[in-house]
Amino acid sequence: MIRMPLPWLVFTALFIFLAGILFTWICYEISRRRREARQFHSWTRCPICAFQYKANLEVRIQKCPQCGSKNENIPIKPI
Ligand SMILES: [Zn+2]
């Protein structure tokens, strides 16, 4: 049996609890960023009118459906 004073016991339990919350938060944030990156992989933004549209990744230069300018496919980076 491990003997420790009561304040240390409370501190240790609180530390383990907060470390668990921090670990869960970091794992959730990593999975959220990966999900957003996958979601926006095939989307592009027109540099002229800032319209976002789903792009065909096989075609390098596409026409913007909003303003008609020809744009190079540059994937949108998640924030
Ligand atoms: Zn446009």
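Read the figures in this text as sums done on the coordinates, not as results from a lab. Owing to the predicted nature of the structure, the values given are computational and were not obtained by experimental measurement. Here the Cβ positions follow ideal geometry from the backbone for every residue, glycine too, while neighbour counts run over all protein chains shown.
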Checked region 33-78 for anything assigned to a loop (DSSP other than H, G, I, E, B), touching a residue at least 24 places away in the same chain (Cβ under 8 Å) and hydrophobic (A, V, I, L, M, F, W, C); matches are Phe40, Cys46, Ile74, Ile76
Which numbered condition Phe40 fails, given (1) within 25 Å of the chain's Cα centre (by Cα); (2) within 16 Å of the ligand (Cβ to nearest atom) = (2)
Does region 4-19 contain at least one residue that is loosely packed, with under 12 Cβ neighbours inside 10 Å and outside any helix (DSSP H, G or I)?
-> yes
